[in-house]
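In what follows, a structure is listed as structure tokens, so that the remarks can point back to it.
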Amino acid sequence: MDENMISLDPIEFQFKEELYKDRIDFYQRKMGLIETIQTGTSQLNGIPIAIGAMDFQFMGEYGTLSR
């Protein structure tokens, strides 16, 4: 659904002594995911639906897109 969206760090947030951007990069490589939440659309018995599934192992929190 939002496959072209990517996480950004517009305020250059730093977590302890590590840049948030570096944490995002690390977890994207480790998990093979772009973001905490994966979304999609489909139909169920002809009814349009939207779904979102979150993987809390991706940084253990919401990513920047899901806020």
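Taking into account only those residues within segment 28-54 that are within 10 Å of the chain's Cα centre (by Cα) and among the hydroxyl-bearing types (Ser, Thr, Tyr), which is surrounded by the fewest Cβ atoms within 10 Å (Cβ to Cβ)? So, considering only residues that are within 10 Å of the chain's Cα centre (by Cα) and among the hydroxyl-bearing types (Ser, Thr, Tyr), the one surrounded by the fewest Cβ atoms within 10 Å (Cβ to Cβ) is THR39. Is it fair to say GLY60 is at pLDDT 80 or above and exposed (fewer than 13 other Cβ atoms within 10 Å of the Cβ)? Judged against the criteria, GLY60 is not a match. Residues in segment 5-25 that are in a loop (DSSP other than H, G, I, E, B) and without any contact (Cβ under 8 Å) to a residue 60 or more places away in the chain: ILE6, SER7, LEU8, ASP9, PRO10, ILE11, GLU12, PHE13, LYS16, GLU17.
The values are calculated or read from the model by the stated rules, or taken from the named source; none is laboratory data. Since the model is a prediction, treat every value here as computed from it, not as a measurement. In this analysis, Cβ positions are derived from the backbone assuming ideal geometry, glycine residues included, and neighbour counts consider all displayed protein chains.
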